[in-house]
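As structure tokens, the structure follows; a few thoughts come after it.
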Amino acid sequence: MPNETFLDKLAIQLTTDYGNSLAGVTVILPNKRAKIFLLEALKRQISGTIFAPEIISIEDFIQDVAGIRSVDAIELLFEFYNIYISLTPKDKQQPFENFANWAKTLLQDFNEIDRYLLSPNHILSYLKDIEDIKHWSVDVDSHTEMIKNYLEFWELLPTYYHTLYKHLQEKGVGYQGLIYREAVDNITHFSNAFEGKQLIFAGFNALNAAEERIIQHLTSSGQAKVYWDIDYTFLNDPYHDAGLFIRRFKESWGKYTSQPFEWISHSFSEAKNINIIGTPKTVGQAKIAGQIIEQIQQSGQSLDKTALVLGEENLLIPMLYSLPKSVGSLNITMGYSSRNNPAQILVQKLFKMHTNALNRSEKSYTLYYREVLDILTHPLVEPYAKADKLVEVINRNNITFLSHAKLLEINKNPTPFFNLLFERWDENTGEVLQRLSRILVQLKSFMSNDEEEDKITKAFLYSIFKVINKLINYYEEHPQMQNLAVLQSVYKQVIDLAEVSFEGEPLSGLQVMGVLESRVLDFENVIITSMNEGKFPAGKTQNSFIPYDVKKENNLPTYKEKDAIYSYHFYHLLMRAKNVYLLYNTESEGLDAGERSRFLTQLEIEKQPAHNLKTMVYNAYLPEKAYSPMVVPKSEKVAERLKEIATNKGFSPSALTGYIRNPMQFYFQRVLRIREVDEVEESIALNTLGTIIHGALEELYTPYIDKFLSVEDVATMQAKADDEVMNQFKQVYKEGEIRKGRNLLAFEVAKRNVQNLLKQEKQNLEDGDAVKVLALERNYERWLQDDQLPYAVKISGNIDRIEQRNGKIRIIDYKTGKVDKYNLVLKSWEGLTAEIKNDKIIQLLTYVFMYEQHANGLGIEAGIISFKNMKSGFMNFSFKEGDGRGTPAHDIVTPELLEEYKTQLVTLINEILNTEVPFEEVV
């Protein structure tokens, strides 16, 4: 710790005033966390062994005075609901899930009214009158039934308050405000019973009316002393918010007219290095904070004197991943929102999956694949569910919906943990809660006790486990929770009240904390993140039914007072620090953005002479090039693999065009043999649709291979076409849903495409075409030999359809996408294999090369039938040299044309095989 921190000074004062009689002293601090630091400070002042003073937080002290225990926030919500039901006419009662939306805000207002010792009847009646005026009270006759009900609700507020207050009193529990009000009423009795002891209030800033009344009573009776912690700079500046509250107490408390005001520090104006650092986005702040901590370590300083204060709790997880590995011990003391808790997200996903399964069909209990995969791929589940095969089958077979029986059929030997996750839920909410509790206990058993990451995960699990167990306890008492939909809604409401509390070894290592946890503590090195408006300070949030002017009139805290509290916390962190790092997000727009904090501007404007203040902006490193294309040289192993492809499987037309499109894609798919991961196609992809149409046409035409087609043959095919398309859907799309939505439309498109082709075929036959189908979806191969090639290369691939039509061979390639005639016209051989726009021409000419030896001297034409351009029919490849004007088109691929193409093909394959030419990504 830095020299003479506030707690050091307090320890010196206590040992000076009370010596070895510290056991008769009770020290009250703003929070529990400071207790262990004060004990450590006392140890440094005392050489022998004595009884330590009692050290408690202000909230624990107030509970002692009142003699009432604090009620849990979730329990309070249920207690209030019981009161609400008992006082509200049955026809106007709201279900719990609706009630909870406004009840949390109203309870917060009750709390404020009590903490500031205001008359509840005055404030709550005032609210009713305001609402009455809003709703045209002058014209009473115009009130609708809804307005009447609304005003009756506001009229009931005082009754809600008093009944709840009395009910909680009788149970011996209370919310914070109730306890504070009762403590004020009980202070005289407490004071009389506390004779002979000394109370020390230390390190306070903002006090509510109840705290102020209690402390003033105890100080005036000589039973208490108060030690403030304020700097001269803030106290003597009438406009500085950091001293707002303590200035008020100094001026309004009568005792300070005759007694000294203790203590006023002069630490803030001492020498400090203050670095204001801007960087884009939240994760940028985490990275820079990690670098600063590493620099502190490298300078030889101990991290025990360093505090990392997170202005925004959501930064905790990225922050933990950004800390250097050299950080040995770490102490996290802060609350973390349950909304981002991975255990909470898992429970939420379980609710979603099972309630949706129930709602879809109570008989079959149908699960949606995406919800199942959300559970199985959750980071808390994936390592332990042992369901990799299930995930694979769902993705491979396109299973969109699956029954519970189907789930267990695929995953035949489920682990007990898997069963806990996926066993059917029913409407017995008690059983559902017990199951959730068992899931969390099971997850905890998988965790290690030693790993730091597992300790954090356990903290996440435990916070949700407590919520589930509380709901189990309330289940018997609260009949409204007997319905699964209500339980889910209740869970969503109460989870907001469940923060994750991290605790660690506070006296060693880096101290990671929230803003409130930093109270009373002093550090040499302070790093504060999220120094943006709306984060630090929090901004003008109004979570209250009480309007601003009513708060102002009755001395309730408004956003101005809340800003002043943040201001005090901020400047107190800086007061005794030597090195300060203030990080903010430079982005002014976006989810985690906001203007630079006013505190930073204030520091710059009111800069102290001894402060060394630097402002800088760190941007992410931007290379000169935004992206460098990947380049992979052809090693000896790659050359061997290319030879293996060229001489065994062969180069297919699609492999050749794939290389032209992007050599890196060729490298990944053909050389490394990396294929895309199977995923469920919830909507049929275009390539799947193409496979279905190809398959249907193959099955329909196969019986007529090697015979001349007749009109009757095509009519037979037309009759069978729809059934065959359905058959292909079942084979290709497997268990995917095709009876509704986009897939039903795709099914109809497939049927229409097949029927349109058969209709055109029939018309051509009626117009006199003589057609014999020679081959369908058959693989052909041919060796390409040339002096320029290092070795003979096999060209191999599937051709969709080969037929003899009117004395010529016709090679047909089906395309489900749109192709126009101009895509198939070649005007020059130069640069044919260099541009991807020629891919269809290359594909067709490669087919001709492969088939030429089987043509028996017949002329060959090659072309495409495009299902999105059926009106163009068969579109054949043609060669028109130059601009094509006045030049006859060569529709037949003559031996001379094919020789020209072979030259181009050799050039392309030579480039693929050439070890001097690397695979280079096309961007």
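The values are calculated or read from the model by the stated rules, or taken from the named source; none is laboratory data. Everything numeric in this text was worked out from a predicted model, so none of it was measured. A quick note on method: Cβ atoms are made from the backbone with ideal geometry, for glycine too, and the neighbour counts reach across all protein chains shown.
Some observations on this one:
- Meets criteria (part of a helix (DSSP H, G or I), within 48 Å of the chain's Cα centre (by Cα) and in contact (Cβ under 8 Å) with a residue 40 or more places away in the chain) for Asp813: no
- Val631 vs. criteria outside the structural domain of Lys794 (by TED's automatic domain parsing) and under 30 Å from Gln669 (Cβ atoms): yes
- Any chance Leu897 is out of contact with any His (no Cβ under 9 Å at 6 or more places or on another chain) and of a type in the set (A, V, I, L, M, F, W, C): no
- For Thr279: the one exception among (1) under 22 Å from the mean Cα position of the chain (by Cα); (2) at pLDDT below 90: (2)
- Test: residue in region 827-836 that is at pLDDT below 90, crowded, with 18+ Cβ neighbours inside 10 Å and touching a strand residue (DSSP E or B) at 6+ places or on another chain (Cβ under 9 Å): yes
- If the condition is being of a type in the set (Lys, Arg) and within 25 Å of Arg248 (Cα to Cα), then region 564-606 contributes Arg576, Arg598.
- Filter pass, Lys166 being at pLDDT 85 or above, under 24 Å from Ile85 (Cβ atoms) and of a type in the set (D, E, K, R): yes
- Of all residues in region 314-323, those being touching a Gly at 6+ places or on another chain (Cβ under 6 Å) and either surrounded by fewer than 17 Cβ atoms within 10 Å (Cβ to Cβ) or in contact (Cβ under 8 Å) with a residue 60 or more places away in the chain (or both) number 1.
- Residue identified as under 29 Å from Ala100 (Cβ atoms) and either in the same structural domain as Glu676 (by TED's automatic domain parsing) or over 24 Å from the mean Cα position of the chain (by Cα) (or both) among Gln442, Gln434: Gln434
- Condition check for Ile56: free of Cβ contacts under 8 Å to residues at least 40 places away in the same chain, among the hydrophobic types (A, V, I, L, M, F, W, C) and more than 30 Å from Tyr160 (Cβ to Cβ): yes
- Number of residues in region 633-687 that are hydroxyl-bearing (Ser, Thr, Tyr), modelled with pLDDT of 90 or more, surrounded by fewer than 18 Cβ atoms within 10 Å (Cβ to Cβ) and not in a helix (DSSP H, G or I) equals 1.
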